Each structure stands twice: as structure tokens, then as C-alpha cells.
Amino acid sequence: LPFGDGNLLEHVIKAAMKVNFGEIRIVLGAYHQKIRPALRGLPVQISVNPNWETGMGSSISKGVKDLQAQSDAAVLMLGDQPFVSAHHLQNLIDQHLKSQKPIVASFYQGKQGVPAFFHQSFFPQLINLTEKIGAGKLIKENRDMVAPMPYPEAAIDIDTPEDYRKWSSKDFTS
């Protein structure tokens, strides 16, 4: 989707680029052939999830499988959260270092979710996700291992044409 001076996915990627993640991996699914050209020139690795129809869990699994050999942690993000900022992403990492918790989840609207930091000790569980509910299941099942990071802006995502009309005219800075 066109967004700001680029597209929505590019907007989210640029926030991630401002943090020293090492590798930024994008998992594409149904429209990967259409989306891939929009990512040209961006320093990202692309994974294609052939099982995208089974839900978000299979995309997380694919992405973590593809990055596990070169990473000791992962920050899971969605491509439709326009308020995600580099500052918040860095705060997730800093909170992990401070708390030593293996998961740091954004906290908004009374729940914990993404963006979320996962230490490599959770890679096997992330790789085994196959359900439509994604990483939220792991966060809920391991509450004692989660450090919450307040971020009400993460509640805003673009799921419908109405959401897009409402939020695409706003000024977002990462």
C-alpha cells in the first residue's frame, strides 16, 4: 500500500533499519511475486512462506528457521503497524538486557503482543508454530518469562480499507 513517501511495508522496514538488528528478514506469502519488487534496494533478506494459508504461525516459523543460524534473538514485527518506531524497537532490546527475560512484548490495550523480542532459547517453539494465532500463544503461555514494554501505539494496525484511509494521511516518523 502506498504510505508516506513509499509504501507501508517499507515504512516499517525503515524503522527496523534504524536499529542494529544485524539481519532484517521479511516473510512474504500469497502475493510475494507482487510485493518483492517493492523491496528492491532495501537491505532485507526475503523468505517466502509456501504455507501462508495456514496462518501467521507458519510465517513466523519460516522466518525464524531461515535466520536461526546467524542470530541469537529475533524481534517479530508486523508489516501493518504504522506507529512502530525505531525507538520502541530499541527499547525492546534494552528491556531484555535489563530484565534478562527471554521475551519482551509490547503491551497495549490490556494485552501483550508484537512487536516482541524473543531470545534464541524460544526459537524451537517459534519454529514449531503452525496455528493461526502466531507468537501470542507463546507470550501467554510463558507470562513469567515475559517483560512487558508499554507501547499503546502498537494497537494501531491497518487491516481494512477504512483503516488505511484513516491512517495513511497521518504523519508517521520512525
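The values are calculated or read from the model by the stated rules, or taken from the named source; none is laboratory data. Treat the numbers as computed from the prediction; the structure is a model and nothing was measured. Reconstructed Cβ throughout: ideal geometry from the backbone, glycine too, with neighbour counts over all protein chains shown. To get the accessible areas, we keep the full protein, side chains included, count just its heavy atoms, and leave off ligands, DNA and RNA. Shrake-Rupley method; radii C 1.70, N 1.55, O 1.52, S 1.80 Å.
Brief remarks follow.
- Lys pairs, the chain - Cα-Cα below 19 angstrom, 8 or more residues apart or on other chains: 12
- Ranked by the mean number of other Cβ atoms within 10 Å of their residues, highest first, the peptides 73-84, 91-102 fall in the order 73-84, 91-102.
- Carbon plus sulfur fraction of accessible area for the chain, probe 1.4 Å, in percent: 51 percent
- Beta bridge orientation in the chain: antiparallel %, DSSP, nearest 5: 55 percent
- Cα centroid separation - segment 26-46 against segment 89-128, whole Å: 25 Å
- Per residue accessible area in Å² of the chain, where ligands, DNA and RNA are left out and the probe is 1.4 Å: 55 Å²
- Look at the alpha carbon pairs under 8 Å that are at least 6 residues apart: their mean separation over the length of the chain gives a relative contact order of 26 percent.
- DSSP loop GluC sites (Glu not before Pro) with at most 16 other Cβ within 10 Å: longest gap in the chain: 24-130
- Residue-averaged [θ]222 nm for the chain, counting only DSSP H segments that reach four residues, each worth -39500 (n - 2.57): -9500 deg cm²/dmol
- For a modelled paramagnetic label at MET17, 7 Å from Cα along Cα-to-Cβ, the residues of segment 59-76 in reach, with backbone nitrogen under 20 Å, are 75-76.
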